[in-house]
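For reference, the structure discussed in these notes is given below.
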Amino acid sequence: MYGSKVKLRFLFIVIILITLILTIFLILKSLEENVVYFQSPTEIKLLSEVKDNKIRVGGMVKKDSISINANEVRFIITDFKNEINVIYTGAVPNLFAEEKGVVAEGFLKDRSVFSATKILAKHDENYMPPEVKTALEEK
Amino acid sequence: MFKFFEPNKIFKITSRAPKYVLFLFIIVLSIGLVEALILSPEDYKQSHAVRIMYVHVPSAWISLGIFSSITFLSISGFVFKNKNFFLISKSLAPSGFVFNIIALVTGAIWGKPTWGTWWAWDARITSMLILALFYAMYLISWRIYEDKEKVFKITTFITILGIINVPIIKYSVDWWNTLHQPASINILSKSSIHSSMLFPLMLMTAAFALFSLLIFLMKYNTELIKIKNRGLDRL
């Protein structure tokens with residue numbers, strides 16, 4: 001049906017695509033550490049050594065763990081397996097709340113204490129009107 | 001093959017269709033905006049900030065859709081040596097690029113009140129920026145090369161490089177830890193967005209798609225006029 005040139009050009013494209021996909025896959029695999037935006041408390045716990053470079057820790061803010069005195073905010077980030085204490089000075093974003101997602105940027109003091117320089121709120125993919133939320137909670 | 005791509009027939013359509021598309025676009029956009037900005041409920045967590053979604057998400061979808069289309073058309077054009085496919089791609093690209101930029105800008109505006117930052121180098125946002133760069137490369141290469149054969153090959157290559165980024169954008173939120181939340185709308189499983197918010201989102205998507213179609217028709221019409229004037233450069 002098609003000429004041999006057409007088939008060859010098609011083959012050419014397919015080979016380019018496969019090569020590129022494999023290359024990109026390998027690059028991304030080897031860069032995994034840099035592609036992830038934050039680490040979980042479990043990953044922090046498993047670190048071989050505490051370095052003093054800037055990192056990000058993410059997870060849920062543990063229930064009843066937020067304490068604010070003067071300008072200092074203390075809370076616990078949990079991934080429901082491990083926890084890490086966070087100390088932060090400054091304003092927190094609007095969506096920062098207990099049992100909600102959070103990403104803290106800063107430095108590790110040791111494996112269980114994290115000194116944050118920036119707090120980001122991470123929200124989930126659920127969107128609904130407030131009435132629906134209340135109705136769901138009553139169930 | 002592709003007999004129906006006769007320039008004269010297409011020209012008749014592309015010179016008449018825009019006004020109808022514009023009319024439809026204005027209607028859908030007006031209803032969509034009223035739904036999105038006034039009638040739709042506020043979010044339980046983000047309250048009114050959620051309304052940025054009705055611009056942000058459709059823009060991102062359209063820019064991804066257009067990039068996929070121009071890749072498909074460029075590869076088909078390359079394999080079957082069809083010039084018309086390249087012209088369609090060329091006419092589609094500008095609106096895709098604009099929507100990509102809109103998605104990035106509205107994302108930043110949305111990120112500030114919700115996450116607490118304008119920009120984050122997370123996988124979703126960075127890969128979306130890379131898509132914008134591919135769009136830019138694509139559009140620039142049409143301008144710098146005079147030789148048509150050369151442009152066809154280079155743009156095809158750019159789209160092939162860029163298309164690999166598209167599934168990365170889609171799945172970045174599932175594969176890696178990102179600040180960006182996972183997809184709310186799933187074709188196979190239940191969507192995690194309430195139907196009262198889904199409806200305006202779909203309306204706005206339709207409006208943006210119509211706008212892209214409008215810009216495409218106008219661009220494509222110009223391309224056909226250029227060919228007519230030159231006379232030599234047939235499809």
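The values are calculated or read from the model by the stated rules, or taken from the named source; none is laboratory data. What you see is a predicted model; the values in this text were computed from it and never measured. Note: ideal-geometry Cβ built from the backbone for every residue, glycine included; neighbour counts use all protein chains shown.
Computed values, structure above
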{"item": "Options B:Ile70, B:Ile75; residue that is buried (at least 21 other Cβ atoms within 10 Å of the Cβ), aliphatic (A, V, I, L, M) and under 17 Å from the mean Cα position of the chain (by Cα)", "result": "B:Ile70"}
{"item": "2 or more residues closer than 28 Å to A:Gly58 by Cβ and within 14 Å of chain A (Cβ to nearest Cβ): qualifying helices (runs of 4 or more DSSP H) within region B:67-183", "result": "B:83-114, B:123-144, B:165-175"}
{"item": "Residue satisfying all of: in region B:183-226; among the aliphatic types (A, V, I, L, M) and at pLDDT below 80; surrounded by the most Cβ atoms within 10 Å (Cβ to Cβ) among these", "result": "B:Ile187"}
{"item": "Filtered residues of region A:34-44 (kept if more than 7 Å from chain B (Cβ to nearest Cβ) and either crowded, with 21+ Cβ neighbours inside 10 Å or modelled with pLDDT of 85 or more (or both))", "result": "A:Gln39, A:Ser40, A:Pro41, A:Thr42, A:Glu43, A:Ile44"}
{"item": "Among the residues listed as B:Val21, B:Val50, B:Val55, B:Val28, the single one being in contact with a strand residue (DSSP E or B) (Cβ under 9 Å, 6 or more places away or on another chain), in contact (Cβ under 8 Å) with a residue 40 or more places away in the chain and of a type in the set (A, V, I, L, M)", "result": "B:Val50"}
{"item": "Total residues in region A:108-125, condition within 7 Å of chain B (Cβ to nearest Cβ) and surrounded by fewer than 17 Cβ atoms within 10 Å (Cβ to Cβ)", "result": "2"}
{"item": "Failed condition for A:Lys7, given (1) surrounded by 11 or more Cβ atoms within 10 Å (Cβ to Cβ); (2) within 26 Å of B:Asp174 (Cα to Cα)", "result": "(2)"}
{"item": "Region B:43-67, residues that are among the charged types (D, E, K, R), closer than 17 Å to A:Lys122 by Cβ and either surrounded by fewer than 23 Cβ atoms within 10 Å (Cβ to Cβ) or under 9 Å from the mean Cα position of the chain (by Cα) (or both)", "result": "B:Lys45"}
{"item": "Flag if A:Leu31 is surrounded by 11 or more Cβ atoms within 10 Å (Cβ to Cβ), within 14 Å of chain B (Cβ to nearest Cβ) and over 28 Å from A:Glu99 (Cα atoms)", "result": "no"}
{"item": "Residue list for region B:121-147, restricted to those being buried (at least 16 other Cβ atoms within 10 Å of the Cβ) and either closer than 22 Å to B:Ser47 by Cβ or among the acidic types (Asp, Glu) (or both)", "result": "B:Asp122"}
{"item": "Unmet requirement for A:Asn82, which otherwise passes all of (1) buried (at least 19 other Cβ atoms within 10 Å of the Cβ); (2) over 14 Å from the mean Cα position of the chain (by Cα)", "result": "(1)"}
{"item": "Total residues in region A:53-70, condition among the hydrophobic types (A, V, I, L, M, F, W, C), touching a strand residue (DSSP E or B) at 6+ places or on another chain (Cβ under 7 Å) and either surrounded by fewer than 17 Cβ atoms within 10 Å (Cβ to Cβ) or farther than 21 Å from A:Ala91 by Cβ (or both)", "result": "2"}
{"item": "Single residue of region B:151-182 satisfying the filter (more than 20 Å from A:Leu11 (Cα to Cα) and of a type in the set (D, E, K, R)) that is modelled with the lowest pLDDT", "result": "B:Asp174"}
{"item": "Strands (runs of 3 or more DSSP E) completely within region A:83-138 that count 2 or more residues being more than 30 Å from B:Ala36 (Cα to Cα) and acidic (Asp, Glu)", "result": "A:101-110"}
{"item": "All positions within region A:65-97 that are away from every other protein chain (no Cβ under 13 Å) and among the acidic types (Asp, Glu)", "result": "A:Glu72, A:Glu83"}
{"item": "Checklist (1) assigned to a strand (DSSP E or B); (2) touching a strand residue (DSSP E or B) at 6+ places or on another chain (Cβ under 7 Å); (3) among the hydrophobic types (A, V, I, L, M, F, W, C); (4) surrounded by fewer than 16 Cβ atoms within 10 Å (Cβ to Cβ) applied to A:Val50, failing item", "result": "(1)"}
